[in-house]
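Here's the structure we're looking at; comments come further down.
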């Protein structure tokens with residue numbers, strides 16, 4: 001059967017898939033009654049009683065999210081999104097002596113590093129972190145990779161591959177791996193996209209973005225930070241009101257040092273550094289994407305908008321949870 005987005009303009013369009021309540025539907029090009037749901041990949045037929053009769057909605061009193069959960073639970077396919085899949089989900093414990101030293105370092109040096117330049121912060125990290133250091137990269141830009149190569153060459157680079165990235169983001173990661181000598185560690189979720197859809201239902205990033213971010217970002221990063229005493233982030237205070245007072249040095253919930261050398265940088269500073277040092281450039285940053293996350297949850301923004309306005313647009317969500 002052939003499906004494409006070219007419906008007969010006189011043809012009634014079903015409002016939802018009767019199986020999963022998905023709304024991403026394609027009509028069959030040969031059968032006026034057949035439709036493909038791209039969310040659950042099922043084919044279904046819609047019959048009408050009268051030329052202008054609307055398509056029947058499944059469980060019309062339910063929201064789309066509730067209809068999906070009801071449909072999946074009836075088939076025994078739905079797991080609770082609040083419960084992560086089996087496997088490690090948290091960072092391993094630090095030795096007590098390292099936790100104590102990290103706490104002492106933050107108490108002593110956090111204030112002096114609050115507005116320090118990036119090179120000073122990273123030089124401090126190289127000298128003081130009592131163990132291995134990871135530099136986390138979103139691949140939105142490669143400024144941290146460049147600074148790490150100069151100031152913390154023994155640190156590992158850590159990239160979180162959610163499975164939902166833009167192809168351009170993955171291409172930047174491959175270029176970083178070729179250009180810089182440090183080890184690039186790729187953290188991946190426990191479940192593939194297909195496995196997550198099978199376990200929790202399709203489109204979890206739309207229905208419960210917090211659960212999706214937890215399983216595909218927060219928990220994989222936590223697990224992969226286990227060998228490290230500290231980690232470097234690309235947080236900038238200019239990224240928005242939720243980050244306006246981000247410290248350069250702090251402790252995360254596990255007692256590890258969280259080091260953010262770019263906190264004082266603006267978007268202009270970042271762009272100037274990229275241009276001055278001929279760094280690898282993410283192509284979407286020149287197409288209206290100042291902040292880049294998963295392709296499913298990132299939109300371009302207009303000039304003058306909050307740089308993170310395109311993240312989880314239309315959702316009551318501004319952070320993935322990595323920095324909360």
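Just so it is clear, none of the values below were taken in a lab; they were calculated from the coordinates. The model shown is predicted, which means the values in this text are computed figures rather than measured ones. Glycine also receives a Cβ, built like all others from the backbone with ideal geometry; neighbour counts cover every protein chain displayed.
Normalised by 2.2 N^0.38 Å, where N is the number of residues, the alpha-carbon radius of gyration of segment 96-297 equals 1.03. Modelled label positions at residue 281 and residue 245, each set 7 Å beyond Cα in the direction of Cβ, lie 3.7 nm from each other.
Could you sort the peptides 287-297, 238-248, 222-232 by per-residue average Cβ neighbour count (10 Å cutoff), highest mean leading?
Numbers: 287-297: 18.4, 238-248: 16.2, 222-232: 20.8.
Ranked from most to least packed, the peptides come out as 222-232, 287-297, 238-248.
Taking label positions 7 Å along the Cα-Cβ direction at both residue 186 and residue 24, the computed distance is 2.2 nm, reported to one decimal. In a fully extended conformation the segment linking residue 193 and residue 126 would gain 20.4 nm over its present Cα-Cα distance, using 0.36 nm per residue. The coefficient of translational diffusion for segment 249-316, derived via Stokes-Einstein from the alpha carbon Kirkwood radius under 25 °C and 0.890 mPa s, stands at 173 µm²/s.
Here the label points at residue 119 and residue 103, each 7 Å from Cα along the C-beta direction, are separated by 3.6 nm in the simple model. Computed extension gain for residue 268 through residue 93, at 0.36 nm per residue and net of the alpha carbon distance, reaches 59.1 nm.
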